[in-house]
Every structure is written in structure tokens, then in C-alpha cells.
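The values are calculated or read from the model by the stated rules, or taken from the named source; none is laboratory data. Bear in mind the structure is a predicted one, so any value in this text is a computation, not a measurement. FYI the Cβ positions are ideal-geometry reconstructions off the backbone, even for glycines, and counts take in every protein chain you see.
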Amino acid sequence: MLRRVGLSLRHFLLGRNSSAGHSSCSREAKMSRPVQARRLEGIDKNIWVEFVKLAATYSKVNLGQGFPDFPPPDFLTEAFTRALGGNHMLHQYTRAFGHPPLVTVLAQFFEKLLGRDLDPMTNVMVTVGAYQALFCCFQALVDEGDEVIIIEPFFDCYEPMVRMAGGTPVFVPLRPNPPKDGKLMSSADWQLDPAELASKFSERTKAIVLNSPNNPLGKVFSRGELGLIAELCVKHDVLCISDEVYEWLIYDGKQHIRIASLQGMWDRTVTVGSAGKTFSVTGWKVGWVVGPDRLLQHLRTVHQNSVYHCATIAQEAVAQGFQRELRLYGKPESYFVQLPKELQQKRDWLVQSLDGVGMKPIIPEGTYFLVADISQFKSDVPDAPNSDEPYDYRFAKWMVKSKGLAAIPLSAFYSEAHKNNYTNFIRFCFAKEEATLKAANDILQKWKQEKTSS
Ligand code: PMP
């Protein structure tokens, strides 16, 4: 009897019942009313869905989506394995707003970084990656009609997240200043125009999104630039959602400055972080927010009514990773010291490879991304007279299909209105094994030879 019930239930779920009665019933049941919520209008396209698929289909070397292809540190995977086989309660729910050992060590760590006392229970919340942290920020803090300033180029999800919350994004671009003396450009050469930035603030402005180090450019905002943003936030009583997921990936002795540590900013800033970037485990999806309770209490309301809880074992392992890093803080053995050193060398290899073939790199001061100028390659890409697709999209698609090298078009990180001003660049990820970067170099060198001999 039970088996028959189970079987028919399975058939029902899979829609396998082919009796005449059932099919007429399914015809009648077809819905005609619109099903899509209005808040999803215009945000259905996603660069990652399209380019991850292209890379999976065609790439021999994937420098597109941002994730390391080298293993995470042993101390972290060992912590995960210990958690897996240890206390069986780690397989159950933990505290909804963050596993106590993780929020405790994050509070200790950020106390050091921000120079203020933090309460692990009210000033820190753990999320499913930085993505969910951002989602909680926009849902909790942005209302219908609010304006949110977004600095371009920007990590693409900010715009749809603002729109889903009912807000209106207001864009302000970093403007490139070409370097003198034929030197390679640096991400530091991309700057905000102070007057233009100031002009975007109004009484409708609820928040500004800051991303330093910036994905895709690798720009690390200077104290002066952050000071200007902070001044405007205070003047106009505006919140700051500060996405600092690449906080440890800083090169050439530069310093990462946390906007929450500037005068008047703690009370109005939510700082977002990610274990994915911090410990090279993007698949674990452990993120966090740090900020004042008066802001975080509202993020907790979104969290408790949506995701509610994040995987306990991953949180336990990340907590142990941070405990180790706290002990070794600033020491040569610290992963937060070693990882940027290794990545800086990888960055320099890729800079050399690209420069050697005339794909002018913009040297990033941080992150594991590098943007390169492809304006000299226009004759390589077949014309598409009937296509309104920007050149960088056509180039990136053509490159992965015909050369096997995957990258991401830069205009994907711009608003619709400004996209067309930035179509001569693509973004590469250099958090890759030496062999992967060498394989990329081989593709580029072969390409260069074909160009010179044709
Ligand atoms: N912010 C930025 C700037 C990012 O680049 C990413 C990931 N690419 C995220 C947030 C999301 O991080 P997570 O994988 O931890 O959700």
C-alpha cells in the first residue's frame, strides 16, 4: 500500500500521469496571469550566467570568473575536516546570526582593525557569503524612492539589489587619467571627480556603496578619497555600505583603509567581508557584516526572515582560521601576509604577458583582478554590423571561442547609461596556479606570432 502511494506520488511530482482526465486538467490549470513580481523587471540578465557557461564550453584557460584555482591553506581544510569528524553538534543549527566562535573571533579581529570595542553578538553578523550580506544591507536599509550612489565600475549585483529594494541607483564614475611618459596605467589613475561626486548627493540619498579594493579595477581608495566620501556622508546624513571583501589582497606596500574607522563614519557604515576571498574558499560562502547595532539590528530582521542560518561546519572552520590569523597577526607566517605576496607575483606575470602582446594592463593595487585595454585588437574580431553588442562583449566571446582564453567584458560593470563609454577593456582574474598563468601566456604569445606573421 505504502509503495503504491509512494509510486503515485512520484508520478504526480514528475507529471507522468498520462490519463485523458489528467491532461485536460493540466490544460485547464495553465495560468494566464503575469507571474513575475514587478521588482524583477529589467534585472533578469546576468553576466555570470552567460560567461560562466561560455567559459565552461570553450575555455582552455579560464581567467574569467573570480576564484582561485590553487588550494586553500592546509590549516583551513584541516580545521574543516576536524569539525566534520568532531563534535556531532556541529552538524546541527548554530546561532542564527553567527556561530558564536566565529562572531567572537571576528569581533576580536575587527576591534584591532577599527580601534574600537565590539560586541560579537550585536556588532557582527555572519551571512551566506558577502552576497547575502549585501542583500541584507539593501533590503534592511533602502526604501521605495531612496537613492543609492554607486561608484562605477561596480560589482554588478549592487544595481539589481538596490532596485529589488525599491531604490534608485545613482551612478558616479571613476574617471581614468592617462599616465604621462608612456607608463602603464595604474588603478590609482582612476579617480572620482570631487565636484561630480558631491553633485550626486541630495536629500533623497540614503546610502553610498563603496568597494575598496574595487572589483573590477583593483583600485584601493586613498585616505584622501575616503575622507571626501566620509565628509559627504556626514554632511548629507547618508549611510555607507562598504564592500571590503578584498581587504587582505593589497600590493606594493599600499594600505587598506577602512572607511568605518574615519571620523563620523562608524555609526553610519556597514562593512562587508568574505571568507571566500580572505581564505581562498569561494565555495564555502561564508561572509559577514560588521557595524553598529542600530544598523545591524535591521539586517538581522532580514536575515531571520530569509536565510536565517548559515552552514555550521564552514563557520567553525573559518573561526579557527581567524583564530590562527589573530595569533600570527602581522607575522611572516600569517596567511594574510603570504597570500598578497604570492598574488602580487602572479599579478606581475600577467602584467608582463599582456603588455608583451599589446593588451595594455591597468596595474591593480589590490584584488585578484586586472583590467586590460583591448583597443589595439579591433581588427582581430569579426565585424558584426547588425549587432548592438558592445565591442568588449564581442571581443571576450570571440576570444574564448577562438583562442580558448576566458575573460569578462568591463562594460558589464557599468550602468546601461554609461556602458558605451567603457567598451575597450576586459577583466582577467590572476588568482591562478603558475601553470594556468603560463598556459594563458602561451595562448597570448601564439596569438602575437600569428598576428605578426599574417
Ligand atoms: N563583493 C565583491 C566586490 C565581490 O567581488 C564578490 C564576489 N565576486 C562578492 C561581494 C561576493 O562574495 P561572496 O562570494 O562571499 O558571496
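Screening the candidates 105, 126, 148 for the property of being over 21 Å from residue 46 (Cα atoms), within 16 Å of the ligand (Cβ to nearest atom) and of a type in the set (A, V, I, L, M) yields one hit, 126. Among the conditions (1) at pLDDT 95 or above; (2) surrounded by fewer than 11 Cβ atoms within 10 Å (Cβ to Cβ); (3) farther than 30 Å from residue 432 by Cα; (4) of a type in the set (D, E, K, R), the only one that residue 95 does not satisfy is (2). The conditions of being touching a residue at least 24 places away in the same chain (Cβ under 8 Å), in a helix (DSSP H, G or I) and buried (at least 16 other Cβ atoms within 10 Å of the Cβ) are not met by residue 240. Candidates in region 129-145 are the residues that are of a type in the set (A, V, I, L, M, F, W, C) and under 17 Å from the mean Cα position of the chain (by Cα); of these, the one that is nearest to the ligand (Cβ to nearest atom) is 130.
Select, from 285, 235, 254, the only residue that is charged (D, E, K, R) and under 16 Å from residue 368 (Cβ atoms). Lay out the reasoning, then the answer.
Values: 285 fails: under 16 Å from residue 368 (Cβ atoms); 235 fails: under 16 Å from residue 368 (Cβ atoms).
Selected residue: 254, the only one of 285, 235, 254 that is charged (D, E, K, R) and under 16 Å from residue 368 (Cβ atoms).
None of 113, 102 is in a helix (DSSP H, G or I), in contact (Cβ under 8 Å) with a residue 60 or more places away in the chain and surrounded by fewer than 23 Cβ atoms within 10 Å (Cβ to Cβ) except 113.
Return yes or no: is residue 176 surrounded by fewer than 24 Cβ atoms within 10 Å (Cβ to Cβ) and within 16 Å of the ligand (Cβ to nearest atom)?
Working: surrounded by fewer than 24 Cβ atoms within 10 Å (Cβ to Cβ): yes; within 16 Å of the ligand (Cβ to nearest atom): no.
Against the criterion (surrounded by fewer than 24 Cβ atoms within 10 Å (Cβ to Cβ) and within 16 Å of the ligand (Cβ to nearest atom)), residue 176 does not qualify.
The single condition from (1) assigned to a helix (DSSP H, G or I); (2) among the charged types (D, E, K, R); (3) closer than 24 Å to residue 118 by Cβ that residue 247 fails is (1). Go over the candidates 206, 180, 219 one by one and state the one that is modelled with pLDDT under 95 and either farther than 14 Å from residue 150 by Cβ or among the charged types (D, E, K, R) (or both). Step by step, each of 206, 180, 219 is checked, and only 180 is modelled with pLDDT under 95 and either farther than 14 Å from residue 150 by Cβ or among the charged types (D, E, K, R) (or both). Residue 431 satisfies every condition listed in (1) in a loop (DSSP other than H, G, I, E, B); (2) surrounded by fewer than 18 Cβ atoms within 10 Å (Cβ to Cβ); (3) of a type in the set (A, V, I, L, M) except (2). Going by the structure shown, is residue 158 of a type in the set (Phe, Trp, Tyr) and surrounded by fewer than 17 Cβ atoms within 10 Å (Cβ to Cβ)? Considered against the rule, which asks whether it is of a type in the set (Phe, Trp, Tyr) and surrounded by fewer than 17 Cβ atoms within 10 Å (Cβ to Cβ), residue 158 comes out as no.
What helices (runs of 4 or more DSSP H), lying completely within region 1-67, carry at least 3 residues that are modelled with pLDDT of 85 or more? Explain how you work it out, then say what you get.
Values: elements: 2-14, 20-29, 47-58.
Ranges flagged: 47-58.
Among the residues examined, residue 334 qualifies as small (Gly, Ala, Ser), modelled with pLDDT of 95 or more and more than 16 Å from the ligand (Cβ to nearest atom). Here residue 413 meets each of (1) within 16 Å of the ligand (Cβ to nearest atom); (2) at pLDDT below 95 with one exception, condition (2). Within region 329-346, residues that are assigned to a loop (DSSP other than H, G, I, E, B) sit with their Cβ atoms under 7 Å from residues that are crowded, with 17+ Cβ neighbours inside 10 Å, at 6+ positions apart or across chains, in these pairs: 334/325.
If you check residue 353 against the conditions, is it more than 16 Å from the ligand (Cβ to nearest atom), farther than 30 Å from residue 107 by Cβ and at pLDDT below 95?
On the way: more than 16 Å from the ligand (Cβ to nearest atom): yes; farther than 30 Å from residue 107 by Cβ: yes; at pLDDT below 95: no.
Answer is no for this residue.
Within region 262-293, being farther than 21 Å from residue 138 by Cα, within 16 Å of the ligand (Cβ to nearest atom) and assigned to a loop (DSSP other than H, G, I, E, B) holds for 279, 280, 281.
Looking at region 202-231, which of its residues are more than 16 Å from the ligand (Cβ to nearest atom), of a type outside the set (Gly, Ala, Ser) and either within 25 Å of residue 335 (Cα to Cα) or surrounded by fewer than 19 Cβ atoms within 10 Å (Cβ to Cβ) (or both)? It would help to see each step written out before you state the result.
Of region 202-231, the ones more than 16 Å from the ligand (Cβ to nearest atom) are 202-206, 222-231.
Add one more test, that the residue is of a type outside the set (Gly, Ala, Ser), and what stays is 203-206, 223, 225-226, 228-229, 231.
Once the filter is applied, which keeps residues that are more than 16 Å from the ligand (Cβ to nearest atom), of a type outside the set (Gly, Ala, Ser) and either within 25 Å of residue 335 (Cα to Cα) or surrounded by fewer than 19 Cβ atoms within 10 Å (Cβ to Cβ) (or both), region 202-231 yields 203, 204, 223, 228, 231.
Kindly establish whether residue 318 is crowded, with 24+ Cβ neighbours inside 10 Å, farther than 14 Å from residue 94 by Cβ, within 16 Å of the ligand (Cβ to nearest atom) and modelled with pLDDT of 95 or more. Considered against the rule, which asks whether it is crowded, with 24+ Cβ neighbours inside 10 Å, farther than 14 Å from residue 94 by Cβ, within 16 Å of the ligand (Cβ to nearest atom) and modelled with pLDDT of 95 or more, residue 318 comes out as no. On inspection, residue 127 passes the criterion of being closer than 21 Å to residue 213 by Cα and among the β-branched types (Val, Ile, Thr). Please specify each residue of region 83-99 satisfying the condition of being without any contact (Cβ under 8 Å) to a residue 40 or more places away in the chain and in a helix (DSSP H, G or I). If the condition is that a residue be without any contact (Cβ under 8 Å) to a residue 40 or more places away in the chain and in a helix (DSSP H, G or I), then 85, 88, 89 are the ones that fit. Can you name every residue in region 245-261 that is of a type outside the set (Ser, Thr, Tyr) and either at negative phi or within 14 Å of the ligand (Cβ to nearest atom) (or both)? If the condition is that a residue be of a type outside the set (Ser, Thr, Tyr) and either at negative phi or within 14 Å of the ligand (Cβ to nearest atom) (or both), then 245, 247, 248, 249, 250, 254, 255, 256, 257, 258, 259, 260 are the ones that fit.
Just checking, how many residues over region 294-308 are within 16 Å of the ligand (Cβ to nearest atom) and surrounded by fewer than 21 Cβ atoms within 10 Å (Cβ to Cβ)?
Residues in region 294-308 being within 16 Å of the ligand (Cβ to nearest atom) and surrounded by fewer than 21 Cβ atoms within 10 Å (Cβ to Cβ): 3 in total.
Among residues of region 436-454 that are over 12 Å from residue 354 (Cα atoms), those with a beta-carbon under 7 Å from a residue that is of a type in the set (A, V, I, L, M, F, W, C) at least six positions away or on a different chain give the pairs 436/61; 439/61.
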